[in-house]
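Structure, as structure tokens:
The values are calculated or read from the model by the stated rules, or taken from the named source; none is laboratory data. Predicted model only: the values in this text are computed from it and were never measured. All Cβ positions, even for glycine, are placed from backbone atoms using ideal geometry, and neighbour counts span all protein chains on display. Note: accessible area is taken over every heavy atom of the protein model, side chains too, but ligands, DNA and RNA are not part of it. Shrake-Rupley method; radii C 1.70, N 1.55, O 1.52, S 1.80 Å.
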Amino acid sequence: MKSVVANYMISRKWLLLALVILLILLPFVLSDFRVNLLGRYLAFAILVIGLDLLWGYMGVLSLGHGIFFGLGAYIMGIHLKMEASSGGLPDFMMWSGMTELPWFWTVLQHPVIAILAGIIVPMIIAVILGFFTFRNRIQDVYFTILTQALVMVTVTLLISRQDVTGGTNGLTGFSTIFGFSLSDPATQRVIYYVTLGCLVIILLICSRLINSLFGKALIAIRDGENRLRFSGYDTSMFKVLVFTISAGIAGLAGMLFVMQVGIISPTQIGIIPSIEMILWVAIGGRGTLIGPVIGAILTNSAKTFFSESYPDIWLYFLGAVFVIVVIFLPGGLMSLGKKLKRRNSNEKGQTNSKADYSAS
Amino acid sequence: MKKGKKTEHTRLIAGFIGLVCFLLMLTACGDGGEAASDQAEAQMHPSETGEEVNIDESEQIPVGILHSLSGTMAMSETSVYEAEMLAIKEINEAGGVLGKELVPIVEDGASEPNIFSERAAKLLQQDEVDVIFGGWTSASRKAMLPVVEDNNGLLFYPVQYEGMEASPNIFYAGAAPNQQIVPAVDWLLENEGTEFFLLGSDYVFPRVANQIIKAQLEENGAALVDEQYTPLGHTDYNTVISRIRESEPEVIFNTLNGDSNVAFFKQLADAGITSDDVTVLSVSVAEEEIRGIGADVLAGHYASWNYYQTTDTPENEEFVAKYKEAYGDDRVTGDPIEAGYFMVHLWAQAVEAAGTTEVDAVREAAAIEFNAPGGPVVIDSDNQHVYKTVRIGEVGEDGQFTEVWNSDEPVKPDPFLEEYDWASDISGTLAGE
């Protein structure tokens, strides 16, 4: 059994290596537009790593990660908008009758502060949220519903404070980032590689975490929280911590996303996008880290591909793919190999799927 | 040990299959495919052309069409998309532009601003179109604006909007505030009363529109009794209706958008408030929406637009007949549909005049007059909006409008309301740029 696990890990390492090499090489063969799209998918891929820690390993389902993604994106968006309007009032504030910049806009003018805030602010919010929910033992579906409600609250807040957030239009019309033109393909390529770099670093850090004792505790929380609690562990603090880490990762993803898309609006962080994020994890294979990354990239590529080829009916194709994956591959794309193997092997009942999840 | 190797093996294979699929998908998106569907086919099934069109530059001109074909806006935008396809078909039947055939490349904006921005970039960079016809919501236009400016493309935008914008890369075929809102308020003050209740969905158009209206009311010494905003898609108007009862306005100026209109008008009728008690003037309710709301609850209320299906011009008779023939007898036309139709023709004529589809040349040549279904339209070369006739219509029992007032001649577009002293606070800073 031990060698199975070891080999399994090795193969996953190879898969990661192949993926990274592929992603490094792709910009040389793809057009600027495609590279830019791929960069956005990589930003999503970063986000799902955090979600996978939370859901795949610890079993806490958050349908509210749009909030943290959005916070990061809005913070970077504000910074970029300030650069574009060179310190003056952005256009939408003028129509809304604002005469002075709100304090947080002024603060975020500084690039270093903006980057730090994009990660730290989501983390602070997550600590506060996590503390009050997990401490009070709000669990499972109740937690999930709560996160969903928070998404609604956030979106409503963003829309109703049009004077400082841009309302439904969101923030758009950026020109430069740290002095470099955003429309320049070279800048976009640099951002692409920065995103890829962040993805690899986060992936490595998280797999380290998972393979440590800390990771074992997470899996233990998923599979038997009470047992762990009775053994003297403070499980709620673990939950707060992981929730916070995943929020920080989501914030980072949001920042990288907005640099490449050039717009952030409430529709991108609302209920549907928050659910979609969970879908990417499920399609890739939860509890595998690399699976959700592949899931995010593949699902978004498929979305673009279908939408371009069949603008009228693309949603049906996408829906069909989701249904097929959920029915035939409940463990996600990463369980594909296992499925094939099981079909080939004559031996029966050696492992159940739960044990496989944790075998990483 | 053997077993372990096998696991590794299958894992790798699985991973590889995944990667290969991914690569295939990207290349499929990337090179535009090779299946050159025959041209007649492409015309018959424009929606399927997507990426699979190979453009023969000597005989064809690609044009981008970018509307929401899915999501909440699909209901409204699909009609505009169809009107644009109709115009393209007409142009092609008449010999095309510069002797070349127009090939529409259709993309779905999915009612999401970021998708609009992404698809616009795809059309301009990947498909190398020079012009995009598309958009409906202000959010979608704002999302496409930086994209068309950065790539020097042209966007033709078909819907009335809040003004305060004039991008050199956008042609605005819908009404600016002074071609819809301002004359409507003047007309209401003269004919219906001076106590206004402002009701709108919570986004940029109603907010800016109401700022303009408030300034105008103040200028005319009229009273604002209440101002209410509800989220987009809101359907419970009991609170708003009881506020209406309390404040007893003479006029409700309605800037609600989409589904909310259905709920609001039905509940208003259920509450026993009819057009005799209070006049509602809407700026986002056209023939298409009346079909959804029901003519019975809307009868007697007003709308302000630049075109109605009943507008009496020879061009309109022909347009309505063609539209019904193409898409069904039960279909109705309306202002944005007409704008979508004539803006394609305007662009085609500008290209003919310029002798090229090249953006700067087309912009130079764009001050062109066209006899649109709603009357003659001319592009104003100062701000790239369109001169349009303003029309106020009353909803009849049959769901069609009866025109009660019009501006006699096309009104010069004034997106920043520079001609109006009372609006200087709103537009001052922006217009000064």
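Some notes on this structure:
- Within region A:1-105, helices (runs of 4 or more DSSP H) holding 3 or more residues that are surrounded by fewer than 19 Cβ atoms within 10 Å (Cβ to Cβ): A:2-29
- Pairs with Cβ under 6 Å, 6+ apart, first in region A:293-312 and closer than 17 Å to A:Phe33 by Cβ and more than 9 Å from chain B (Cβ to nearest Cβ), second of a type outside the set (Val, Ile, Thr) and outside any helix (DSSP H, G or I): none
- Under the condition of being assigned to a loop (DSSP other than H, G, I, E, B), open to solvent by less than 50 Å² (accessible area, probe 1.4 Å) and without any contact (Cβ under 8 Å) to a residue 60 or more places away in the chain, the residues counted in region B:411-430 number 0.
- Number of positions in region B:390-410 that are in contact with a strand residue (DSSP E or B) (Cβ under 8 Å, 6 or more places away or on another chain) and either surrounded by fewer than 22 Cβ atoms within 10 Å (Cβ to Cβ) or not in a loop (DSSP other than H, G, I, E, B) (or both): 14
- In region A:157-191, of all residues being part of a helix (DSSP H, G or I) and facing chain B (nearest Cβ under 7 Å), the one that is farthest from B:Ala139 (Cα to Cα) corresponds to A:Ser160.
- The single condition among (1) in contact with a strand residue (DSSP E or B) (Cβ under 6 Å, 6 or more places away or on another chain); (2) outside any helix (DSSP H, G or I); (3) closer than 30 Å to B:Ala372 by Cα that B:Gly174 does not satisfy is (1).
- Being open to solvent by less than 80 Å² (accessible area, probe 1.4 Å), assigned to a loop (DSSP other than H, G, I, E, B) and either β-branched (Val, Ile, Thr) or at pLDDT 85 or above (or both) holds for only one residue in A:Gly331, A:Gly319, and it is A:Gly331.
- Test: residue in region A:111-128 that is part of a loop (DSSP other than H, G, I, E, B) and either in contact (Cβ under 8 Å) with a residue 12 or more places away in the chain or more than 14 Å from every other protein chain (Cβ to nearest Cβ) (or both): no
- Only one of the listed residues (B:Asn254, B:Asn238, B:Asn210) is polar (S, T, N, Q), over 18 Å from B:Gly294 (Cβ atoms) and touching a Leu at 6+ places or on another chain (Cβ under 6 Å). That residue is B:Asn210.
- Some residue of region B:302-314 being within 22 Å of B:Leu268 (Cβ to Cβ), polar (S, T, N, Q) and either over 22 Å from the mean Cα position of the chain (by Cα) or modelled with pLDDT of 95 or more (or both): yes
- Matching option when the condition is open to solvent by 10 Å² or more (accessible area, probe 1.4 Å) and not β-branched (Val, Ile, Thr), among B:Glu192, B:Glu162: B:Glu192
- Residues that are part of a loop (DSSP other than H, G, I, E, B), open to solvent by 20 Å² or more (accessible area, probe 1.4 Å) and in contact (Cβ under 8 Å) with a residue 24 or more places away in the chain within region B:52-91 comprise B:Val53, B:Ile55, B:Ser58, B:Glu59, B:Leu69, B:Gly71, B:Thr72, B:Met73, listed in sequence order.
- Candidates are the residues of region B:246-288 that are assigned to a loop (DSSP other than H, G, I, E, B) and without any contact (Cβ under 8 Å) to a residue 12 or more places away in the chain; the one that is least open to solvent (accessible area, probe 1.4 Å) is B:Gly272.
- Restricting region B:135-147 to residues that are under 23 Å from B:Asp335 (Cβ atoms) and surrounded by fewer than 24 Cβ atoms within 10 Å (Cβ to Cβ), the residue that is modelled with the lowest pLDDT: B:Ser138
- Among the residues making up region A:175-190, those that are among the aliphatic types (A, V, I, L, M) and closer than 23 Å to A:Leu26 by Cα are A:Leu182, A:Ala186, A:Val190.
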